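> Attaching a single structure in structure tokens format; questions to follow.
The values are calculated or read from the model by the stated rules, or taken from the named source; none is laboratory data. These numbers come from a predicted model, not from an experiment. Cβ placement follows ideal geometry from the backbone for every residue including glycine, while neighbour counts extend to all protein chains displayed.
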Amino acid sequence: MPLMSFRSLALGVALVCALPAAAMAEYAVIGDSLGVGVNWAAKSRLALAKNSIAIHGGAILEQIRQLPRGTTAFMSLGTNDAVGGAVDVRKPVQDILAAAAARDVKLVWLGPPCVFKPWNTYAKQLDAKLRDQLKGTSVVYVGMQDADICNPSLRGAEGVHFTMAGYTLMWRKAAAAAGFPVVAVAANERLASLKDNQKKRPSPKRHRKRKPPAPGAPAPKQEAAPGAT
């Protein structure tokens, strides 16, 4: 093995060993449609998030029960409750915590972000209620009401869902709060970007050499460009 290759291999092994235990742990993205977008950035193979999932109802409990034991689950949840003003969530939150405990799942809860809608008041109220109820539990609560998240340039036209840049910001905030190696995620994104650029790069055109006109043959007549005459 060449010296440089051996050094590169040794460096790679050292970097892997230096990563925190969270880097080696199984992680998933669950919850609502915002969770679907977050997973575009997180790139988890356990992507269970779906549209129309709320704190109320049993759908989120079913997602948790599908997780392998010991999983760290990044859960986007609350927006579909805020849209209807359903901010009394004490009982369903207790059910969610019980379901997670039964599977030994560590929850990283991405709270409802601000929205550019009249029901944004409910999103703020629900965020405050979740912060209060989850205080002192094992859940890592990551609020999404900060000024950087509330930047209109990160939102779609309807004012609720995010652009890819917005979902990436949500993921990085949640990953940092949970102690996940965001640097490794950024490296994966750069690799994906390089692959995309390689796919989009046009192949060089081969120009055929034109044969000179035969001796004595008249030169081809030049065509006028449209509108030139």
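> Restricting attention to region 60-70, does a residue exist that is modelled with pLDDT of 95 or more, on the phi > 0 side of the Ramachandran plot and not acidic (D, E)?
First pass over region 60-70, keeping only residues modelled with pLDDT of 95 or more: 60-70.
Remaining after also requiring on the phi > 0 side of the Ramachandran plot: 70.
Add one more test, that the residue is not acidic (D, E), and what stays is 70.
Checking region 60-70: at least one residue is modelled with pLDDT of 95 or more, on the phi > 0 side of the Ramachandran plot and not acidic (D, E).
> Something else now. Going by what's in this entry, would G84 be described as at pLDDT 95 or above, over 18 Å from V108 (Cβ atoms) and assigned to a loop (DSSP other than H, G, I, E, B)? Don't jump to the end; show me each part of the working.
On the way: at pLDDT 95 or above: yes; over 18 Å from V108 (Cβ atoms): yes; assigned to a loop (DSSP other than H, G, I, E, B): yes.
Yes.
> Which residue pairs have Cβ atoms under 9 Å apart, sit 6 or more places apart or on different chains, and have a first residue in region 114-131 that is without any contact (Cβ under 8 Å) to a residue 24 or more places away in the chain and a second that is surrounded by fewer than 20 Cβ atoms within 10 Å (Cβ to Cβ) and not in a loop (DSSP other than H, G, I, E, B)?
R131/Y141
> Okay, moving on. Please go through (1) hydrophobic (A, V, I, L, M, F, W, C); (2) part of a loop (DSSP other than H, G, I, E, B); (3) surrounded by fewer than 21 Cβ atoms within 10 Å (Cβ to Cβ) for A49 and return the number of the only condition it doesn't satisfy.
Checking A49 against (1) hydrophobic (A, V, I, L, M, F, W, C); (2) part of a loop (DSSP other than H, G, I, E, B); (3) surrounded by fewer than 21 Cβ atoms within 10 Å (Cβ to Cβ), the one that fails is (3).
> Would you pick out the residues in region 121-137 that are out of contact with any strand residue (DSSP E or B) (no Cβ under 7 Å at 6 or more places or on another chain), surrounded by fewer than 20 Cβ atoms within 10 Å (Cβ to Cβ) and farther than 20 Å from L169 by Cα? Quick ask: steps written out before the conclusion?
Going through region 121-137, the residues out of contact with any strand residue (DSSP E or B) (no Cβ under 7 Å at 6 or more places or on another chain) turn out to be 121-129, 132-133, 135-137.
Still in the list and also surrounded by fewer than 20 Cβ atoms within 10 Å (Cβ to Cβ): 121, 124-125, 128-129, 132-133, 135-137.
Hits for region 121-137 are T121, Q125, A128, K129, D132, Q133, K135, G136, T137.
> Another question, then. Any idea how many residues of region 87-130 are over 18 Å from I149 (Cα atoms) and either among the β-branched types (V, I, T) or in contact with a Cys (Cβ under 8 Å, 6 or more places away or on another chain) (or both)?
5
> Moving on to the next point. Of the conditions (1) in contact with a strand residue (DSSP E or B) (Cβ under 9 Å, 6 or more places away or on another chain); (2) crowded, with 21+ Cβ neighbours inside 10 Å, G70 satisfies every one except a single condition; which number is it?
(2)
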